[in-house]
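Just so it is clear, none of the values below were taken in a lab; they were calculated from the coordinates. None of the values given here were measured: they were computed from a predicted structure.
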Amino acid sequence: VPKLHVQGHKEECQYCRHFAYLTGGGRTCGEGVERPWPETNVTGMITKDANKGHREDILNDTQRDWCHKKVIGM
């Protein structure tokens, strides 16, 4: 459970899934999975009228672009 959302989960879930309590996860950022959401949300709005195939292509391209930018920025 990403750190931002852990407080919204049941207490027992917080203890068994929180990064601080997982082996090797205490110093993990935990929010990396949430960083592309703003761009993905915009893409979702843009593609809402597209057919299924076109929508999947655009969303896949957006994700590939995000991953490429992430690698280039490392």
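Let me know the whole percent of all Cα-Cα pairs from the range 35-74 that are separated by more than 15 Å. In whole percent, the long-distance tail amounts to 40.
The aspartates and glutamates whose alpha-carbon is closer than 15 Å to the alpha-carbon of Lys70, local same-chain residues fewer than 8 away aside, are Glu31, Glu34, Glu39, Asp61. In sequence order, the range 59-64 has phi-based couplings of 5, 5, 4, 4, 5, 4 Hz under the Karplus curve 6.51 cos²θ - 1.76 cosθ + 1.60, θ = phi - 60°, and Gly or Pro positions carry x.
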